[in-house]
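See structure below.
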Amino acid sequence: SQQGEEDPQALSIQEGENATMNCSYKTSINNLQWYRQNSGRGLVHLILIRSNEREKHSGRLRVTLDTSKKSSSLLITASRAADTASYFCATAATNQAGTALIFGKGTTLSVSS
Amino acid sequence: NAGVTQTPKFQVLKTGQSMTLQCAQDMNHEYMSWYRQDPGMGLRLIHYSVGAGITDQGEVPNGYNVSRSTTEDFPLRLLSAAPSQTSVYFCASSWDRADQPQHFGDGTRLSIL
């Protein structure tokens, strides 16, 4: 079962606009991660936010975390065509077998010039 | 450093054939995992390993087998390929835990006829 779910599934914007993606998860977490996947490539880690952090920045990326609502958002400011990709959130889930990283279904971002 | 290397990049199999997808990392990472990615399904965890000699099942382990005889290698075996196993397979690794940033390979695109 999915631990994280992104919203919206798809987002189309113009260059220069901001893009916001949301993620909801189900269980308590130590941290939440965001990844980017360009077409035909593997996932690339973007940013990790710990459960005791509320906001984190990395270049044009801003991530927020609300553990009371079990949700996170990824904001990409001043989007560029090169930001066109799929974006995934991921959290670690523990069951009887152990702890594994579970991904949501992703948000597909299209930035047009 | 090469990072995470997956071979082959593309493969076509006939139903019932077996094959091994190779994954190797040169970062001395203890944690390795296999995911499959299907349209609309996101990434689903197949198997993972927290170190040499230790493997565990993920969300969709049926039809797949893994072993971890060395730190560097984590091969995924399809025992008797089925059309439902047509997918893109990704291998990932991290230092020693699931909730750390993962390094992904570029995937193996597998078609089962």
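The values are calculated or read from the model by the stated rules, or taken from the named source; none is laboratory data. Remember, predicted model here, so these are calculated numbers, not experimental data. Every residue, glycine as well, gets a Cβ built from its backbone with ideal geometry; the counts of neighbours run over all protein chains shown.
Look through the stretch A:45-69, keep the residues that are among the hydroxyl-bearing types (Ser, Thr, Tyr) and under 21 Å from A:Ile102 (Cβ atoms), and return whichever of them is surrounded by the fewest Cβ atoms within 10 Å (Cβ to Cβ).
Within the stretch A:45-69, the match that is surrounded by the fewest Cβ atoms within 10 Å (Cβ to Cβ) is A:Ser68.
Output the number of the condition that A:Ser73 fails; it satisfies all remaining conditions of (1) within 14 Å of chain B (Cβ to nearest Cβ); (2) in contact with a strand residue (DSSP E or B) (Cβ under 7 Å, 6 or more places away or on another chain).
(1)
A quick yes/no check of all residues on (1) in contact with a helix residue (DSSP H, G or I) (Cβ under 8 Å, 6 or more places away or on another chain); (2) over 30 Å from A:Asp7 (Cα atoms):
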{"position": "B:Gln11", "(1), (2)": "no, yes"}
{"position": "B:Gln17", "(1), (2)": "no, yes"}
{"position": "B:Gly63", "(1), (2)": "yes, yes"}
{"position": "B:Arg77", "(1), (2)": "no, yes"}
{"position": "B:Ala82", "(1), (2)": "no, yes"}
{"position": "B:Ser93", "(1), (2)": "no, no"}
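Which count do you get for residues in the stretch A:25-55 that are modelled with pLDDT of 95 or more and away from chain B (no Cβ under 13 Å)?
Result for the stretch A:25-55: 4.
Scan the stretch B:9-32 and give yes if some residue there is closer than 30 Å to A:Pro8 by Cα and within 14 Å of chain A (Cβ to nearest Cβ), otherwise no.
Taking every residue of the stretch B:9-32 in turn, at least one turns out to be closer than 30 Å to A:Pro8 by Cα and within 14 Å of chain A (Cβ to nearest Cβ).
Could you look through the stretch A:76-108, keep only residues that are within 13 Å of chain B (Cβ to nearest Cβ), of a type outside the set (D, E, K, R) and farther than 17 Å from B:Gln100 by Cα, and pick out the one that is surrounded by the most Cβ atoms within 10 Å (Cβ to Cβ)?
So the residue we want is A:Gly106.
Filter the stretch A:26-44 for residues that are surrounded by fewer than 18 Cβ atoms within 10 Å (Cβ to Cβ), within 15 Å of the chain's Cα centre (by Cα) and closer than 22 Å to B:Thr7 by Cβ and give the result.
Within the stretch A:26-44, A:Asn38, A:Val44 qualify.
Out of all the residues in the stretch B:72-83, which are in a loop (DSSP other than H, G, I, E, B) and either free of Cβ contacts under 8 Å to residues at least 24 places away in the same chain or surrounded by 19 or more Cβ atoms within 10 Å (Cβ to Cβ) (or both)?
B:Phe74, B:Ala81
Please go through the stretch A:26-61 and give me each residue that is of a type in the set (D, E, K, R) and in a loop (DSSP other than H, G, I, E, B), ordered by number.
Listed by number, the residues that qualify are A:Lys26, A:Arg41, A:Glu53, A:Arg54, A:Arg60.
Looking only at the stretch B:23-51, which residues are at pLDDT 95 or above and part of a loop (DSSP other than H, G, I, E, B)?
Once the filter is applied, which keeps residues that are at pLDDT 95 or above and part of a loop (DSSP other than H, G, I, E, B), the stretch B:23-51 yields B:Asp26, B:Met27, B:Asn28, B:His29, B:Glu30.
Starting from the stretch A:5-23, keep only residues that are under 15 Å from A:Gln33 (Cα atoms) and β-branched (Val, Ile, Thr), then list their pairs with residues that are assigned to a strand (DSSP E or B) and modelled with pLDDT under 95 whose Cβ atoms are within a distance under 7 Å, requiring at least 6 positions of separation or different chains.
none
Could you figure out which of (1) in a loop (DSSP other than H, G, I, E, B); (2) buried (at least 18 other Cβ atoms within 10 Å of the Cβ); (3) more than 12 Å from the chain's Cα centre (by Cα) isn't true of B:Asp56?
Against the list (1) in a loop (DSSP other than H, G, I, E, B); (2) buried (at least 18 other Cβ atoms within 10 Å of the Cβ); (3) more than 12 Å from the chain's Cα centre (by Cα), B:Asp56 comes up short only on (1).
Filter the stretch B:84-99 down to residues that are modelled with pLDDT under 95 and either more than 7 Å from chain A (Cβ to nearest Cβ) or surrounded by fewer than 17 Cβ atoms within 10 Å (Cβ to Cβ) (or both), then give me how many there are.
Counting residues in the stretch B:84-99 that are modelled with pLDDT under 95 and either more than 7 Å from chain A (Cβ to nearest Cβ) or surrounded by fewer than 17 Cβ atoms within 10 Å (Cβ to Cβ) (or both) gives 2.
Out of everything in the stretch A:12-25 that is small (Gly, Ala, Ser) and in a strand (DSSP E or B), what residue ends up being farthest from the chain's Cα centre (by Cα)?
Per the criteria, the residue is A:Ser12.
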